[in-house]
Amino acid sequence: MTGFADDPHHAEDLHAWHVLRPLLDGGGYLPWSTGAMRPAGLVVVANEVVHRGRTRLVECGSGASTVVLARLLRQRGAGSLVAVEHDGDWAALVTDLLRRESLEAIAQVVHAPLEGDPPWYAPAPLAALPAEIDLLVVDGPPAFHAGEEHRRAPALEFFAPRLVDGATVVLDDLARPGEREILARWEAGTDWRFRIDEAAGVAVGARGGPTG
Ligand SMILES: C[S@@+](CC[C@H](N)C(=O)[O-])C[C@H]1O[C@@H](n2cnc3c(N)ncnc32)[C@H](O)[C@@H]1O
């Protein structure tokens, strides 16, 4: 069995927990699991909010990350987040976590079941998403089972019309071959270019390429 300390990115994640502490201390318990973004990846997203003043966030796949990002937006006094969630029970749980911290005016979870082949979020609930997005985090739908590796591939084309000039897209789980293949497809078919942060396991992209 591989222990947490044997993880090759243990040091980065340990550092990230410390960096995230102001957003963790004093808040309620969050259900972290292997399904959640690694803390090092979450720091990349949080830094994007702070460095570039992002205020119009959408996240595919809700969870602890949704609550932490909502706390960050509240601390900064600006911005909102909509998390798209395929699982109704999980959507209700994350909504309850937000409500317990009075974060529901800042962050909402939109329940959009997966439908179609290949499966993607049902379009009707997504109509409620903001027309302008300056930071998109792609951490859903779940893609860890065999045969589901490319489930996140539709995200860039789907959200492109809403992504404002200068917007950033963060794709999580770059340690997996499926997400690498998605990135290669996105770069081959669009003018979006991505920088892979190997230590954080995420790719950060923008039209024409990320700056900074
Ligand atoms: C990669 S996870 C998204 C995690 C979320 N962005 C985060 O960092 O907390 C993809 C999906 O797994 C499901 N899930 C089930 N249990 C979970 C858990 N304990 N934490 C996070 N996601 C979970 C949810 O339906 C979620 O949309």
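Selection of region 140-189 for residues being within 22 Å of Ala40 (Cβ to Cβ), basic (Lys, Arg) and within 13 Å of the ligand (Cβ to nearest atom) yields Arg152, Arg176. Of the residues making up region 127-155, those that are farther than 19 Å from Val110 by Cβ and not in a loop (DSSP other than H, G, I, E, B) number 0. Restricting the search to region 119-139, which residues are in contact with a helix residue (DSSP H, G or I) (Cβ under 9 Å, 6 or more places away or on another chain) and within 14 Å of the ligand (Cβ to nearest atom)? Passing the criteria: Trp120, Tyr121, Leu135, Leu136, Val137, Val138, Asp139. Can you find a residue in region 53-62 that is within 13 Å of the ligand (Cβ to nearest atom), within 18 Å of Leu136 (Cα to Cα), in contact with a helix residue (DSSP H, G or I) (Cβ under 8 Å, 6 or more places away or on another chain) and of a type in the set (Ser, Thr, Tyr)? Among the residues of region 53-62, at least one is within 13 Å of the ligand (Cβ to nearest atom), within 18 Å of Leu136 (Cα to Cα), in contact with a helix residue (DSSP H, G or I) (Cβ under 8 Å, 6 or more places away or on another chain) and of a type in the set (Ser, Thr, Tyr), which makes the answer yes. Residues that are part of a helix (DSSP H, G or I) and within 18 Å of Leu126 (Cα to Cα) were ranked within region 90-108; the one that is nearest to the ligand (Cβ to nearest atom) is Trp90. Residues that are crowded, with 20+ Cβ neighbours inside 10 Å, part of a loop (DSSP other than H, G, I, E, B) and modelled with pLDDT of 95 or more do not occur anywhere in region 178-189. Being more than 16 Å from Thr66 (Cβ to Cβ) and surrounded by 17 or more Cβ atoms within 10 Å (Cβ to Cβ) is the filter; apply it to region 10-43 and report the residue that is farthest from the ligand (Cβ to nearest atom). Across region 10-43, the extreme among qualifying residues is Glu12.
Of Glu85, Glu132, Glu115, Glu104, all but one fail to be among the charged types (D, E, K, R) and crowded, with 17+ Cβ neighbours inside 10 Å; the exception is Glu85.
The values are calculated or read from the model by the stated rules, or taken from the named source; none is laboratory data. What you see is a predicted model, and the numbers here were worked out from it, not measured in a lab. Neighbour counts are summed over all protein chains in view; Cβ atoms, including those assigned to glycine, are modelled from backbone coordinates with ideal geometry.
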